[in-house]
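Data first, discussion second: the structure below is written as structure tokens.
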């Protein structure tokens with residue numbers, strides 16, 4: 001945290017530290033419920049409460065049994081495999097399609113840009129239960145329900161808006177004279193894309209891909225409508241576990257997902273700073 005300038009008045013210093021305290025309280029309010037589940041996932045007893053041994057920091061009150069249960073239970077292993085099959089596949093499709101759409105929307109001569117953008121980001125606006133019901137009726141008519149392809153295509157539709165928004169934001173400061181210069185030097189459109197455009201929009205593409213992956217990996221409503229027994233993802237297995245069999249294994253899985261989210265958000269922040277440096281916003 002940068003030090004305050006020496007000419008800062010007493011009132012300004014009071015407001016500065018008060019503002020930091022308010023931000024800290026809001027931050028604690030937001031992440032407090034998430035932080036509670038982390039120590040509970042190490043509970044040696046099959047309870048969702050802090051035992052006396054945990055509160056007294058007795059080593060006997062802590063255990064990795066619930067993390068071991070994830071790797072020893074076939075249903076959890078299958079759901080993890082499904083999530084890592086569906087998530088990356090949907091991410092690749094959403095990234096490719098969303099990037100192409102953003103490149104088209106970035107062109108000034110593109111007709112009906114506002115209408116097309118509204119349609120592309122509609123999965124973010126429409127309530128998810130409505131999207132899931134619509135996908136179910138559509139995919140059932142083409143025999144894509146209870147298949148991996150159906151879930152992947154559905155998650156692709158949910159991830160495309162994030163890619164479109166992030167890549168479009170990256171292209172907002174793009175100098176189109178670079179593409180014209182590349183064409184004037186004899187470069188083909190594909191060569192111009194891979195050598196000129198893609199290196200400049202890579203931070204936005206990767207950010208959109210990470211958002212699309214998080215959306216697919218955490219999504220449960222669409223999976224309930226479209227998946228079968230073989231396509232149960234990790235969030236759906238957690239949902240079923242809460243409804244059918246309460247087990248602290250769910251807390252262990254949630255802790256792993258929180259760690260993954262923190263890691264991905266850290267990568268996003270590093271990419272954001274790199275993008276700002278490339279655009280000359282910050283040193």
Would a scan of the stretch 149-160 turn up a residue that is in a helix (DSSP H, G or I), modelled with pLDDT of 90 or more and within 30 Å of residue 180 (Cβ to Cβ)? yes
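When residues of the stretch 1-25 are filtered for being touching a helix residue (DSSP H, G or I) at 6+ places or on another chain (Cβ under 7 Å) and exposed (fewer than 10 other Cβ atoms within 10 Å of the Cβ), how many remain?
Step one: list which residues in the stretch 1-25 are touching a helix residue (DSSP H, G or I) at 6+ places or on another chain (Cβ under 7 Å), which gives 4.
From the residues that got through so far, the ones that are exposed (fewer than 10 other Cβ atoms within 10 Å of the Cβ) too are none.
Residues in the stretch 1-25 being touching a helix residue (DSSP H, G or I) at 6+ places or on another chain (Cβ under 7 Å) and exposed (fewer than 10 other Cβ atoms within 10 Å of the Cβ): 0 in total.
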Mind checking which residues of the stretch 176-204 are closer than 30 Å to residue 235 by Cβ and surrounded by fewer than 20 Cβ atoms within 10 Å (Cβ to Cβ)? 202
Would you check which residues across the stretch 26-82 are under 23 Å from residue 233 (Cα atoms), modelled with pLDDT of 90 or more and loosely packed, with under 10 Cβ neighbours inside 10 Å and list them? none
Would a scan of the stretch 165-182 turn up a residue that is more than 25 Å from residue 271 (Cβ to Cβ) and assigned to a loop (DSSP other than H, G, I, E, B)? no
Of everything in the stretch 224-246 that's touching a helix residue (DSSP H, G or I) at 6+ places or on another chain (Cβ under 6 Å) and not in a helix (DSSP H, G or I), which residue is surrounded by the most Cβ atoms within 10 Å (Cβ to Cβ)? 233
Could you please let me know if residue 276 is at pLDDT below 80 and more than 27 Å from residue 102 (Cα to Cα)? no
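The values are calculated or read from the model by the stated rules, or taken from the named source; none is laboratory data. Values in this document were obtained by computation on a predicted structure and should not be read as measured data. All Cβ positions, even for glycine, are placed from backbone atoms using ideal geometry, and neighbour counts span all protein chains on display.
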